[in-house]
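The values are calculated or read from the model by the stated rules, or taken from the named source; none is laboratory data. Quick caveat: nothing in here was measured; it's all calculated off a predicted structure. Positions of Cβ are generated from backbone atoms using ideal geometry, with glycine treated the same way; all protein chains shown enter the neighbour counts.
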Amino acid sequence: MHISNTGSSSDRALIDIVRKLVCNTKSCRSPETYSEKLRLQLASLAQRFAGFKSSIAEDTRRRRLLEEERYKQLHHALQAIEDGIAVEMRKRGEARKGALDHLITRCEELEQGVNCLKGEHASKLLRQSAELMARCRATRAAFEAEVLSRNEREDAAGNKLEELLKSLDSKVESEIAARHQQVAAVRRDVGLLLRGDQPREQFHTFVKEELGELREGLTAAMRAREEADDEILQAINEYTTALQRGLQNVSGLHTISSVL
């Protein structure tokens, strides 16, 4: 735009000079005056042409410099874009290669795992499963035998407890009957003594003997009762212990049955 404006102003100046020359040529009457003026005007025109030429050359040089500078800037910008694209492509390529390598490695590991499961691991699992089932069956049989044994011991403990209770009842009844007989005999003897058939000293001696025998009998009865109570408590403890163990075994057996 700057060059075109300069060119148009120079053209107008040249047109003005040519018009002035034509006007001066028409107005001049003397040849000497005409030639002098024409020479001066031509010299002025030559100077203006020289300035116009230098102006055009300067504008051309400036435009070339501007274009070269713009070209350099565009070249640098394009080079930066190309470098960025190359770096990004390299990064993406490396990331893609890493992901592909990782995927290949995982696929190989998965394939090896599947092959192992198909081969040795499968047979090992089958063997371990068979051993576990055999152990479970043996454990179940042992539990059933233990439960049966516990039931037998519980029945024996119950029978023993029942026998002890019956023996205790019979002992208590026999002791009560014996004490009734002793009390009746004492009453009978006391009645005889009260009637005055025997002296007082003999009565005291008799009473002491009877009281001593009664005391010994009561002590023996209490001792027998305590022993019977101890036997009953021991039998009850054995029975409850056997019952608890039997319940535990039954619950364990049910658990194993549910697992199997």
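Each row is one residue, and each column tells you yes or no for (1) closer than 30 Å to Gln244 by Cβ; (2) basic (Lys, Arg).
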{"position": "His76", "(1), (2)": "no, no"}
{"position": "Ala86", "(1), (2)": "no, no"}
{"position": "Arg92", "(1), (2)": "no, yes"}
{"position": "His102", "(1), (2)": "no, no"}
{"position": "Glu109", "(1), (2)": "no, no"}
{"position": "Asn115", "(1), (2)": "no, no"}
{"position": "Arg137", "(1), (2)": "yes, yes"}
{"position": "Ala141", "(1), (2)": "yes, no"}
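Just to be sure, is Arg39 modelled with pLDDT of 75 or more and in a helix (DSSP H, G or I)? Explain how you work it out, then say what you get.
Numbers: modelled with pLDDT of 75 or more: no; in a helix (DSSP H, G or I): yes.
No; evaluated as a whole, the condition is false for this residue.
Are any of the residues in region 81-97 at pLDDT below 80, at negative phi and of a type in the set (Lys, Arg)? Spell out the reasoning first.
First pass over region 81-97, keeping only residues at pLDDT below 80: none.
There is no residue in region 81-97 that is at pLDDT below 80, at negative phi and of a type in the set (Lys, Arg).
Do we have Arg127 as surrounded by 12 or more Cβ atoms within 10 Å (Cβ to Cβ) and in a helix (DSSP H, G or I) here? Before you say what the answer is, go through the steps one by one.
Numbers: surrounded by 12 or more Cβ atoms within 10 Å (Cβ to Cβ): no; in a helix (DSSP H, G or I): yes.
Criteria not met by Arg127.
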